[in-house]
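**Q** Supplied in structure tokens, the structure appears directly below.
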Amino acid sequence: MIWELLFIFFIVLIGAFVQGASGFGLGLVVMGFLPFILTVKESTLLVLSFLAATALIILFKNYRSVQLKGLMMFVVASFAGRIISFFVLTTYGELDILRIWLGIFLIALVVYLYFNNKRNVSLKKINKLVPISLGMLNGFFGGLFAVGGTFLVIYCLYLYKEDKHRYTANVQIVTLITSSFSLLLHGVNGDFTLSFLFYFAIGIVSVIVGAVLGLRWFEKLPTYMIRTIAMILVLVAGLNLILFS
């Protein structure tokens, strides 16, 4: 039991640090390892709560840069995706096969992020299908595996590429809104247990420490370095989930 608590503490600490320093990554890092000791459903609910808490901490410093204009269509589409993922997670969240699919999805995300970083993506006029499709993907995979932030980051980079403070502030406000929506759905459904509250109490300490440290590095450390380290961790975790599930 003690080693499980220490495991959760350090994994969440790393994830929160990555989130604070680069704007995203907590879900990717933590979901790569937490399903080794908990079910995918339990892991997702914990990570969604940690994401909401981390977003609040980061917003405390960057709330003046919030500008939701251009994000409402994305948020609405994300809500639709969250509703679909809620039913999938509630039905299949306890099955071990979901760990394998999570591992495959994590590896696919790492590959995508690696090649996406190699090109300079820019949209002067964004088609309405872009926020709708990215919002749906964010909602579905964010609600199912708590790793939908990649799609949110892609869209916010389109909108706020020249202003990293506005970029990170708006990533966090949407993360807070959508994660809270998923948690509300599961709360109404009675999916939270006493063990969830216990693990949350341990992890929230890591969230606070990791996010604060990450924010300090946000101004100093190149974000590509943080993301590279995070992607290596996620790649290893994804392979482990596939090989040992």
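The values are calculated or read from the model by the stated rules, or taken from the named source; none is laboratory data. Being a predicted model, the structure only gives us computed values, none of them experimental. Positions of Cβ are generated from backbone atoms using ideal geometry, with glycine treated the same way; all protein chains shown enter the neighbour counts.
Table: residues versus (1) in contact with a strand residue (DSSP E or B) (Cβ under 8 Å, 6 or more places away or on another chain); (2) part of a helix (DSSP H, G or I); (3) of a type in the set (Gly, Ala, Ser).
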{"residue": "Pro35", "(1), (2), (3)": "no, yes, no"}
{"residue": "Leu38", "(1), (2), (3)": "no, no, no"}
{"residue": "Leu46", "(1), (2), (3)": "no, yes, no"}
{"residue": "Phe50", "(1), (2), (3)": "no, yes, no"}
{"residue": "Thr54", "(1), (2), (3)": "no, yes, no"}
{"residue": "Lys61", "(1), (2), (3)": "no, yes, no"}
{"residue": "Arg64", "(1), (2), (3)": "no, yes, no"}
{"residue": "Phe74", "(1), (2), (3)": "no, yes, no"}
{"residue": "Ala77", "(1), (2), (3)": "no, yes, yes"}
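**Q** Show the residue pairs that are 6+ apart or on different chains and have beta-carbon atoms under 9 Å apart, the first residue being within segment 61-79 and touching a residue at least 12 places away in the same chain (Cβ under 8 Å), the second being of a type in the set (Lys, Arg) and surrounded by 14 or more Cβ atoms within 10 Å (Cβ to Cβ).
**A** What qualifies is Asn62/Arg166; Ser65/Arg166; Val66/Arg166; Gln67/Arg166.
**Q** If you check Ser179 against the conditions, is it touching a Ser or Thr at 6+ places or on another chain (Cβ under 9 Å) and in contact (Cβ under 8 Å) with a residue 60 or more places away in the chain?
**A** Working: touching a Ser or Thr at 6+ places or on another chain (Cβ under 9 Å): yes; in contact (Cβ under 8 Å) with a residue 60 or more places away in the chain: yes.
When the stated conditions are applied, Ser179 passes them.
**Q** Taking segment 203-234 only, how many residues are part of a helix (DSSP H, G or I) and either surrounded by fewer than 18 Cβ atoms within 10 Å (Cβ to Cβ) or at pLDDT below 80 (or both)? Full working, then the answer.
**A** Taking segment 203-234 and keeping what is part of a helix (DSSP H, G or I), we get 203-218, 223-234.
Then drop every residue that is not either surrounded by fewer than 18 Cβ atoms within 10 Å (Cβ to Cβ) or at pLDDT below 80 (or both), which leaves 204-205, 208-209, 212-213, 216-218, 223-234.
The number of residues fulfilling the criteria is 21.
**Q** Would you check which residues across segment 80-93 are more than 17 Å from Gly187 (Cα to Cα) and surrounded by fewer than 19 Cβ atoms within 10 Å (Cβ to Cβ) and list them? Spell out the reasoning first.
**A** Keep residues of segment 80-93 that are more than 17 Å from Gly187 (Cα to Cα), which gives 80-81, 92.
Correct list: Ala80, Tyr92.
**Q** Please find, within segment 112-143, the residue that is modelled with the lowest pLDDT out of those that are surrounded by 13 or more Cβ atoms within 10 Å (Cβ to Cβ) and β-branched (Val, Ile, Thr). Don't jump to the end; show me each part of the working.
**A** Start the filter on segment 112-143 by keeping residues that are surrounded by 13 or more Cβ atoms within 10 Å (Cβ to Cβ), which leaves 113-114, 116-117, 126, 130-143.
Keeping just the survivors that are β-branched (Val, Ile, Thr) gives 126, 130, 132.
Working: Ile126: 65, Val130: 85, Ile132: 93.
Across segment 112-143, the extreme among qualifying residues is Ile126.
**Q** Out of segment 144-164, which residues are surrounded by 24 or more Cβ atoms within 10 Å (Cβ to Cβ) and part of a loop (DSSP other than H, G, I, E, B)?
**A** Scanning segment 144-164 gives Ala146, Val147, Gly148.
Condition check ((1) touching a His at 6+ places or on another chain (Cβ under 7 Å); (2) closer than 14 Å to Arg166 by Cα; (3) surrounded by fewer than 23 Cβ atoms within 10 Å (Cβ to Cβ)) across all residues:
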residue: Leu28; (1), (2), (3): no, no, no
residue: Pro35; (1), (2), (3): no, no, no
residue: Val40; (1), (2), (3): no, no, no
residue: Lys61; (1), (2), (3): no, yes, yes
residue: Met72; (1), (2), (3): no, no, yes
residue: Ser78; (1), (2), (3): no, no, no
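**Q** A further question on this structure: Among the residues of segment 146-189, which ones are farther than 18 Å from Thr54 by Cβ and β-branched (Val, Ile, Thr)?
**A** Those that are farther than 18 Å from Thr54 by Cβ and β-branched (Val, Ile, Thr): Ile154, Val188.
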